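J.: Below you'll find the structure I mean.
What follows draws every value from the coordinates through simple rules; no lab data is involved. Note that the structure is a prediction, hence the values are computed from the model and not measured. Every residue, glycine as well, gets a Cβ built from its backbone with ideal geometry; the counts of neighbours run over all protein chains shown.
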Amino acid sequence: MPYRAPVRDIRFILDHVAGFPALAATPRFAEATPEMVDAILTEAGRISTDVLAPLNRAGDLHPARLENGVVIASPGFAEGYRALADGGWIGMAAHPDNGGMGLPMALATAVDDMVSGACLALQIKSVLTKGQIEALEHHASDAIKALYLPKLTSGEWSGTMNLTEPQAGTDLGALRTKAEPNGDGTYAVTGQKIYISWGDSDLVANVCHLVLARLPDGGEGTKGISLFMVPKFISDAEGNLGSRNSLRVISLEHKLGIHGSPTCVMQYDAATGWLVGEPHRGLAAMFTMMNNARLSVAVQGVGVAEAAMQHALAYAADRRQGTTPLSATGTIIEHADVRRMLATMRAEIFAARSIALSCAVAMDMATATGSADWQARAALLTPIAKAYGTDTGCEVASLGIQIHGGMGFVEETGAAQFLRDVRITTIYEGTNGIQAMDLVGRKLADGGEAAFRLIDEVQRAAEAARAHLPDLAGELWPASEALRETTEALLALPLNDRFAGAVPYLRGFARVLGGHAHLTAGLAYPARLPLARLMIRRLLPEHQALFAAAREGADGLYALTPEDLAA
Ligand SMILES: Cc1cc2nc3c(=O)[nH]c(=O)nc-3n(C[C@H](O)[C@H](O)[C@H](O)COP(=O)(O)OP(=O)(O)OC[C@H]3O[C@@H](n4cnc5c(N)ncnc54)[C@H](O)[C@@H]3O)c2cc1C
């Protein structure tokens with residue numbers, strides 16, 4: 001079944017759950033009128049459905065390949081990328097001074113959701129470029145901005161991010177790539193980077209690498225790392241391409257999924273680079289890019305989940321097998337267990353999409369108002385959106401295979417591709433374990449203030465809903481109180497005990513926020529109540545087990561020695 005972009009669902013969440021109307025009421029985003037939002041979502045939906053989705057299978061079956069040192073993209077990807085670039089989708093959130101549209105992150109995130117559902121492998125390329133634009137806007141010199149931003153925004157050039165090295169994955173403090181001053185304001189960058197997404201391609205005229213490297217006086221660890229712009233081709237100030245820089249793709253990884261997205265091993269041999277931001281402050285600058293990318297990855301999970309869900313629903317409505325007491329057509333969609341799976345998939349997608357779009361709105365509100373509270377809200381929601389969105393991608397894609405039965409395990413149906421493709425999203429941009437540690441560490445470092453403020457909001461909404469929906473409000477309120485108590489309990493624990501419970505805590509937090517999103521939706525539009533009821537009655541109760549595990553501490557984990565684990 002071909003993918004159809006969920007424009008209506010996204011519009012509903014923006015308007016009734018994520019708080020977009022308040023954003024559109026700010027002077028900064030006043031241009032985001034309902035008509036404009038409609039036009040943007042409808043057109044992004046059309047491109048996703050009609051242009052990008054038909055490329056998804058070709059990317060899987062005909063992976064990007066390395067020929068004579070150049071990466072040749074999968075069939076049709078050139079046209080797909082052109083459609084994204086020409087439509088202005090790459091620069092939609094970039095500043096208008098740099099050729100962008102200056103639109104809210106909430107709309108860019110909604111577009112990322114749809115593009116990911118259509119063709120994840122290609123979306124990755126646009127996300128990296130968008131992230132690079134944001135990092136340069138915040139940290140680069142005027143000369144670098146003037147040269148690179150218009151080309152990146154138009155899609156003529158594209159961006160990558162080069163962090164990982166064989167010995168430096170999660171622990172970037174271990175990275176060894178060097179940058180030596182050339183004496184003319186440029187630097188000679190030398191080292192090897194691995195797993196670099198879209199490290200090269202024949203889709204654009206120039207590939208611009210943001211590379212983390214250490215200056216000669218850069219100390220050990222994360223504090224001694226600087227950020228450099230290292231382009232494939234060196235250009236003049238007008239952007240006319242000149243000589244080839246001394247960097248190359250050594251090989252492409254053979255991997256589980258996203259075959260259309262080339263994952264490159266890159267070699268830099270005294271390649272010419274330009275410093276971006278302050279010396280030794282490169283990681284902070286790169287984090288601008290990574291923060292943006294974390295939310296984009298969140299909706300990669302949501303988008304692929306949507307595609308897997310649509311695929312499974314169509315199959316379930318068609319496949320005849322057995323009968324039930326309620327049988328009308330004899331198709332498997334009539335079986336209670338298949339209904340359970342489909343309803344769970346739809347409820348999780350709605351919850352994960354709502355959390356991601358709420359996070360995007362919080363980022364925009366922080367931009368529009370400068371308020372520290374909105375900034376703290378966005379920071380709190382980012383790891384939850386990333387981890388829960390991508391876990392949802394994997395779980396929904398796995399249920400999609402289950403609904404297909406044996407045909408799900410057979411590649412020709414396409415159900416397996418969703419799971420293979422989405423599996424990476426829980427790993428890159430900081431593994432989901434690291435997201436959870438960020439939540440219980442840095443994001444509770446304010447004494448839990450931002451978390452408690454959000455819990456207060458959930459409780460006020462539950463109180464207000466009691467008169468109309470006492471059964472649902474009566475479930476949500478105690479769940480949110482359990483979240484409050486668990487947050488207080490974690491705050492009293494040493495850090496490693498918090499880390500031991502971080503993943504179940506994050507998931508429990510997402511359960512409460514998901515219940516809140518569904519209740520809000522049900523109140524706004526009663527036709528949404530059956531799904532809200534499913535979320536709150538069947539899925540929200542998991543919070544009890546999750547919070548119990550979150551509070552257990554680390555001792556029990558370390559009590560199991562590696563020898564015990566081997567037994
Ligand atoms: C397809 C693909 C595309 C990628 N694209 C890019 C890219 O474009 N640019 C780029 O720079 N990188 C990229 N990466 C790299 C990716 O970001 C890393 O794989 C990721 O950060 C994890 O690092 P690692 O693989 O070294 O795993 P490790 O860091 O070795 O982690 C292994 C396991 O240990 C856990 N772990 C590690 N440290 C801790 C800790 N302190 N506390 C608790 N648990 C911990 C992790 O959560 C994980 O479960 C990509 C990777 C892949 C596979």
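J.: Can I get the semi-axes of the chain's equivalent ellipsoid? Compute them from the C-alpha gyration tensor as square roots of 5 times the eigenvalues, in angstrom, largest first.
T.: In descending order the semi-axes read 38, 28, 24 Å.
J.: Let me ask something additional. If I stretch the segment between Ala549 and Thr369 completely, what's the gain in nm (0.36 nm per residue apart, minus their alpha carbon distance), one decimal?
T.: 61.0 nm
J.: Now, a different point. Around Asn206, which amide H atoms from residues at least 5 apart in sequence, or from another chain, sit under 5 Å from its own amide H, with H modelled in the peptide plane?
T.: Close amide H contacts, sequence-distant or interchain: Ser158.
J.: Taking every DSSP beta bridge that has both residues in segment 96-221, what percent is antiparallel when rounded to the nearest 5?
T.: DSSP beta bridges in segment 96-221 are roughly 40 percent antiparallel.
J.: By its C-alpha gyration tensor, with a ≥ b ≥ c as the square roots of the eigenvalues, how is segment 185-289 shaped: rounded for a/c under 1.5, else prolate for a/b larger than b/c, else oblate?
T.: It comes out oblate by the Cα gyration axes.
J.: Can I ask one more? Once the Cβ-Cβ distance between Asp318 and Asp202 is put in as r, and R0 is 51 Å, what FRET efficiency do you end up with, to the nearest 0.05? Don't jump to the answer; show the numbers that get you there.
T.: Details: r = 39 Å, r/R0 = 0.77.
E between Asp318 and Asp202, to the nearest 0.05, is 0.85.
J.: Given H placed 1.01 Å from N in the peptide plane, which residues other than close sequence neighbours of Gly100 have an amide H under 5 Å from its amide H?
T.: For Gly100, the qualifying residues are His95.
J.: So what does the Cα-only Debye profile of segment 235-382 read at q = 0.18 Å⁻¹, as log10 I(q)/I(0), no solvent term?
T.: The computed values of log10 I(q)/I(0) come out as -1.15.
J.: Something else: Return one number: the angle in degrees, 0 to 90 and rounded to the nearest 10, between the long axis of the Cα atoms of helix 470-491 and the longest principal axis of the Cα atoms of the chain.
T.: Roughly 50 degrees between the two axes.
J.: Related question: Return the distance in nm (one decimal) between the two label points of a simple spin-label model at Asp337 and Phe287, each offset 7 Å from Cα along Cα→Cβ.
T.: 4.7
J.: Another one. What value, in deg cm²/dmol to 500, does the helix sum -39500 (n - 2.57) over DSSP H runs of n ≥ 4 give at 222 nm once divided by the residues of the chain?
T.: -17500 deg cm²/dmol
J.: Right, another one. At each listed q (0.09, 0.14 Å⁻¹), what is the log10 of I(q)/I(0) that the Debye formula gives for segment 387-506 modelled as equal alpha-carbon point scatterers?
T.: -0.39, -0.79
J.: What is the distance, in nm, between label points placed 7 Å from the Cα along the Cα-to-Cβ direction at Thr222 and at Asp142?
T.: Roughly 3.3 nm, to one decimal.
J.: Next question. Using Cα atoms only, what is the angle between the long axis of helix 336-369 and the major principal axis of the chain, expressed in degrees (0 to 90) to the nearest 10?
T.: The angle comes out at about 50 degrees.
J.: Work out how much length Ala237 to Leu560 would gain on full extension: take 0.36 nm times their residue separation and subtract the Cα-Cα distance, in nm to one decimal.
T.: 110.3 nm
J.: Same structure again: Can you figure out the FRET efficiency of Asp171 with Ala492, using R₀ = 35 Å and their beta-carbon distance, to the nearest 0.05? Walk me through the numbers before you get to the answer.
T.: Working: r = 28 Å, r/R0 = 0.81.
Using R0 = 35 Å, I get an efficiency of 0.80.
J.: Stretched out fully, how many nm does the piece from Glu156 to Ile250 gain, at 0.36 nm a residue minus the Cα gap?
T.: Net length gain for the segment: 31.4 nm.
J.: Taking amide H positions as placed 1.01 Å from N in the peptide plane, with prolines and chain starts having none, which residues 5 or more places from Arg281, or on another chain, fall under 5 Å of its amide H?
T.: Those lying under 5 Å, H to H, from Arg281 are Leu227.
J.: If R0 is 41 Å, what FRET efficiency do you get for Thr42 and Glu412 from their C-beta distance, rounded to 0.05?
T.: Numbers: r = 32 Å, r/R0 = 0.79.
The calculated FRET efficiency here is 0.80.
J.: Please give the helix 77-86 orientation as an angle from the longest Cα principal axis of the chain, in degrees from 0 to 90, rounded to the nearest 10.
T.: 90
J.: Based on DSSP, what percent of beta bridges with both residues in the chain are antiparallel, to the nearest 5?
T.: Working: 34 of 42 bridges.
Antiparallel bridges make up about 80 percent of those DSSP assigns within the chain.
J.: Ordered by packing density, taken as the mean number of other Cβ atoms within 10 Å over each peptide's residues, highest first, how do 110-121, 88-99, 216-227 rank?
T.: The packing order, highest mean first, is 110-121, 88-99, 216-227.
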